[in-house]
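Only the coordinates and a few stated rules stand behind these numbers; no lab work does. Just so it is clear, the structure is predicted and the values come from calculations on it, not from any experiment. Cβ placement follows ideal geometry from the backbone for every residue including glycine, while neighbour counts extend to all protein chains displayed.
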Amino acid sequence: MRDALHIPSDVQAWEMCSDKLDYHSFDEASFWIYPILKNKYRILFFSGDTDGAVPTYGTRQWINELNWPVTEAWRPWFTEGQVSGYVEKYDGLDFATVKGVGHMAPQWARQQVTTMITSWIHGQDF
């Protein structure tokens, strides 16, 4: 497969979670980029509500620190009549949770995440 994709032999194999990368942590993380993107691009930020690596609570904290007005209050969203998570919309960013999954939400809640993203792309409520 690597030959078919023309991946050089000196490139390491892909791993789901690797400790071989030297990560750096910054207090501001990616917080700085959102004001730059606002009014240029639509932004959807989503996370699994059981994510231990990037907890929903922490995400909601930094979103609130943007001080962007809420345009649509926290409400459930559904897939086939079942609650799939919650969504809150701000002037410049939509934040959604995916119920019952962690950091790999698209892997463990494929139908729900596909519904959410497809609806969002087409400007439809989810």
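Observations on the model:
- There is no residue in region 45-61 that is under 23 Å from ALA29 (Cβ atoms), of a type in the set (A, V, I, L, M) and surrounded by 15 or more Cβ atoms within 10 Å (Cβ to Cβ).
- Applying the criterion of at least 3 residues that are over 22 Å from PRO35 (Cα atoms) and either in contact (Cβ under 8 Å) with a residue 24 or more places away in the chain or touching a strand residue (DSSP E or B) at 6+ places or on another chain (Cβ under 9 Å) (or both) to the strands (runs of 3 or more DSSP E) found wholly in region 53-126 leaves 70-79, 82-90.
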